[in-house]
Amino acid sequence: MANPVVHFEVTGKDGAKLQKFYADAFGWKIDASNPMAYGMVDNQGEGIGGGISGGDAPAVTFYIQVDDPAAYLKKVTALGGKVIQDVTVIPDMVTMAHFADPEGNVVGIIKAE
């Protein structure tokens with residue numbers, strides 16, 4: 001599959017509470033021992049990995065892997081999408097961006113490493 005979905009993210013006002021909810025409900029192993037308290041979900045080699053964290057508002061987002069996030073932002077805007085977050089680099093972690101599709105669904109893109 002070209003440009004596969006490689007990550008999901010669940011956010012809400014209380015990230016720790018969400019992490020506990022998903023861990024208890026589904027037996028997920030979630031590691032939030034990092035400076036951002038971003039709960040990395042260990043998929044144990046099945047399905048796709050993801051993260052659970054705090055944020056401004058509840059949201060569920062999936063991330064598509066691409067080779068050039070800036071080029072894909074140009075492509076999605078040409079097709080009627082809107083840039084929500086321009087290309088952002090989090091050192092030693094990820095290069096990512098967010099866009100809204102023509103219906104307003106927010107989707108993330110992650111640079112293939």
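Any read-out appearing in this document is the output of simple, stated calculations on the displayed coordinates, not a laboratory observation. If you're wondering where the values come from, they're calculated on a predicted model, not measured in any experiment. Here the Cβ positions follow ideal geometry from the backbone for every residue, glycine too, while neighbour counts run over all protein chains shown.
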task: Express the Stokes-Einstein translational diffusion coefficient of segment 1-108 in µm² s⁻¹, to the nearest whole number, given a Kirkwood radius over alpha-carbon pairs, 37 °C and a viscosity of 0.692 mPa s.
output: 221
statement: Rounded to the nearest 5, the percent of DSSP beta bridges in segment 5-111 running antiparallel is 70
- prompt: Tilt of helix 69-78 relative to the longest C-alpha principal axis of the chain, in degrees (0 to 90, nearest 10)?
  reply: 60
message: Counting only other residues whose beta carbon sits under 15 Å from that of Asp92, what net charge do I get with K and R as +1, D and E as -1?
response: 0
11 Å reach of a label modelled at Met93, 7 Å along Cα-to-Cβ, counting backbone N of segment 53-78: 53-54
task: Note down the magnitude of the dipole of segment 5-111 about its Cα centre, charges +1 on Lys and Arg C-beta and -1 on Asp and Glu C-beta and zero elsewhere, to the nearest 20 debye.
output: 160
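For the chain, what does -39500 (n - 2.57) per DSSP helix run (n ≥ 4), summed and divided by total residues, give at 222 nm, in deg cm²/dmol to the nearest 500?
Calculated from helices alone, the mean residue ellipticity at 222 nm is -6000 deg cm²/dmol.
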query: How much length is gained if the chain between Ala112 and Asp67 is pulled fully straight, taking 0.36 nm per residue apart and subtracting their Cα-Cα distance, in nm to one decimal?
result: 15.7 nm
- prompt: When ranked by the protection proxy of mean other Cβ atoms within 10 Å per residue, highest first, what sequence do the peptides 63-75, 34-46 form?
  reply: 63-75, 34-46
- prompt: Which length gain, in nm to one decimal place, applies between Ala2 and Val60 when the Cα-Cα distance is subtracted from 0.36 nm times their residue separation?
  reply: 18.7 nm
query: So what's the angle, to the nearest 10 degrees on a 0 to 90 scale, between helix 15-26 and the longest Cα principal axis of the chain?
result: 70
message: Let me confirm the definition first: pairs of Lys residues in segment 5-111, 8 or more apart or on different chains, C-alpha distance under 20 Å. How many are there?
response: 6
